[in-house]
Amino acid sequence: MLTIYGKSSRGNSFCDGVSRRNFLKIGGMALGGLSLSQAMGGESQAGTGSSHKAIINIYMPGGPSHIDLWDLKPNAPSEIRGEFSPIKTNVPGIEICEHFPRMAKMMDKFIPIRSISDADGRHDAYQCMTGRRFGERRPPGGWPSAGAWVSHQQGPVSDAIPANVALMYRTGNRTWGEPGEGGFVGLGHSPFNLVGRKARSSAENMVLQGITLERLRDRKRLMAAFDTFRRDADASGSMDGLDVYTQQAIGILTTSKLADALDLSKEDPAIVARYGKSDEKFQRDGAPKMIENFCIARRLVEAGARFVSLNYSRWDWHGGDGMNFPRSRQEFPLLDQGLSALITDLHERGLDRDVSVVVWGEFGRTPKINKRNSRDHWPKVSCAMLAGGGMKTGQVVGATNKYGEFAVDRPVKFQEVFATLYRNVGLDVGKIRVFDNSSVPRYLVDSGVEPIDQII
């Protein structure tokens, strides 16, 4: 693994969430065990699309409470409705939690989905990254993540930015930090993860000492460091020499686009302030509240990324110091601020038709409040929020019964959400097929799954 560290500084606005030491990982763990040069080779057969469409996938680890976020039940008994009240939005008939006033003022730019009904109940990111149940039979090589499908079909916009990137922190609960894999389309399309758990994550990392993100433009010194790296790698037998794909890999590092996208000091301070202040502390076994990563995700898309995945905070609140309602009062306003800032940014920059955003978790929460004043796991129904992508926003998809227990109108599958996102970036889910490692044809989604017709 190759790690390039940024300057350790409280004033630096990069994103690693622990010490403000920013780093890029090239190869090894970041690409599922594949070197960057191999990854670039894997991508060489994928063509670049005619236009730059993109998806930002915001995963909320732990299962956010659907009934407290965007599907409140004010007429239900107190043990179900909870402590929060709904507020009106700028779309007549749509109400959401009182702790989302910013989103309420721009609900015409959002689509709440209230009826996701096929969660498998596992505490992991798998379904939010692939659309598929963890326990279902997998093809040889495994299912590609959504970002891997997009990378395979459309390729990179430029050599400087991988098509499929992630800001997925390695969490104490490992499965909350997994951005998916390349599966049978190849490790070259695995998410290129830009963050980790610690600044110095393990002894196995190969570090270019003295080469920081701030010095990436110093081509001569950077290339000298690569020469040293190559000699050491050759001596250890871990590298067979440079080929055309290694040259492309080095090209990523010797241009400034990726480093610039991660550098919030290059963003208008007024824009960054819109998103709110990040909290670098990891939330127990979850991710940190790095709300500024929403802005970095937009910057990565502008730089050329086609798919950006990120994990944000921790949403598994059963009791004790993590009781549902006190934690919601802390978390909801920051999410409200960051998400409304992201969508505002996309619209102001004319990206709202090109960039799709999805926000969701692995399942919902029990309608009935438990004895610890919290809500337990509830896979029978969950929620999501969509925006952008040229979709017909300002409407709700689906509905639950009067107690928020299950869907009574338009049940939605995870794969249907992904089918919609694929359609938004120009992929035809009914026509595209790829042969897996046993030569069986596979499609982006299962047979019969279509985009959500009312919003496209």
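The values are calculated or read from the model by the stated rules, or taken from the named source; none is laboratory data. Quantities reported herein were computed from a predicted structural model and do not represent experimental measurements. FYI the Cβ positions are ideal-geometry reconstructions off the backbone, even for glycines, and counts take in every protein chain you see.
Miscellaneous remarks
- Flag for PHE406 being of a type in the set (A, V, I, L, M, F, W, C) and under 28 Å from VAL308 (Cα atoms): no
- Residue in the stretch 90-107 that is nearest to the chain's Cα centre (by Cα), counting only those that are more than 20 Å from VAL381 (Cα to Cα) and among the charged types (D, E, K, R): ARG102
- Neighbours by Cβ (under 6 Å, 6+ apart or cross-chain): first from the stretch 139-163, within 12 Å of LEU300 (Cα to Cα); second of a type in the set (D, E, K, R) and part of a helix (DSSP H, G or I): ALA160/LYS257; ILE161/LYS257
- Residues within the stretch 70-120 that are polar (S, T, N, Q), surrounded by fewer than 21 Cβ atoms within 10 Å (Cβ to Cβ) and touching a helix residue (DSSP H, G or I) at 6+ places or on another chain (Cβ under 8 Å), tallied: 2
- Residues that are more than 19 Å from MET290 (Cβ to Cβ) and touching a strand residue (DSSP E or B) at 6+ places or on another chain (Cβ under 7 Å) within the stretch 158-183 comprise PRO162, ALA163, ASN164, listed in sequence order.
- Note on the stretch 164-179: among residues that are of a type in the set (S, T, N, Q) and in contact (Cβ under 8 Å) with a residue 60 or more places away in the chain, the one that is surrounded by the most Cβ atoms within 10 Å (Cβ to Cβ) is ASN164.
- Matching residues in the stretch 239-283 - criterion: being at pLDDT below 70, in contact with a helix residue (DSSP H, G or I) (Cβ under 9 Å, 6 or more places away or on another chain) and among the hydroxyl-bearing types (Ser, Thr, Tyr): TYR245, THR246, THR254
- Pairs, first of a type in the set (Gly, Ala, Ser) in the stretch 68-83, second surrounded by fewer than 19 Cβ atoms within 10 Å (Cβ to Cβ), C-beta under 7 Å, six or more apart: ALA76/LYS402; ALA76/TYR403; GLY82/PHE325
- Residue match in the stretch 72-89 (condition: modelled with pLDDT of 95 or more and under 22 Å from the mean Cα position of the chain (by Cα)): no
- Among the residues of the stretch 84-125, just one is hydroxyl-bearing (Ser, Thr, Tyr) and assigned to a strand (DSSP E or B), namely SER115.
- When the stretch 266-304 is filtered for residues that are free of Cβ contacts under 8 Å to residues at least 60 places away in the same chain and part of a helix (DSSP H, G or I), the ones remaining, listed by number, are LYS266, PRO269, ALA270, ALA273, CYS295, ARG299, GLU302.
- Annotation note: of PRO144, PRO64, the sole residue that is part of a loop (DSSP other than H, G, I, E, B), modelled with pLDDT of 95 or more, touching a Phe, Trp or Tyr at 6+ places or on another chain (Cβ under 8 Å) and more than 14 Å from PHE363 (Cβ to Cβ) is PRO144.
- Restricting ARG329, ARG349 to those that are touching a helix residue (DSSP H, G or I) at 6+ places or on another chain (Cβ under 9 Å) and modelled with pLDDT of 95 or more reduces the list to ARG349.
Results for (1) out of contact with any Ser or Thr (no Cβ under 9 Å at 6 or more places or on another chain); (2) farther than 23 Å from ARG102 by Cβ, shown as yes or no for each residue.
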residue	(1), (2)
SER340	yes, no
THR344	yes, no
LYS368	yes, yes
ASN401	yes, yes
PRO411	no, yes
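- Within the stretch 397-445, the residues that satisfy the criterion of being surrounded by fewer than 15 Cβ atoms within 10 Å (Cβ to Cβ), of a type in the set (D, E, K, R) and closer than 25 Å to SER151 by Cβ are ASP428, LYS431, ARG433.
- On the stretch given as the stretch 352-378, residues that are of a type outside the set (Phe, Trp, Tyr), within 24 Å of PHE134 (Cα to Cα) and crowded, with 17+ Cβ neighbours inside 10 Å total 10.
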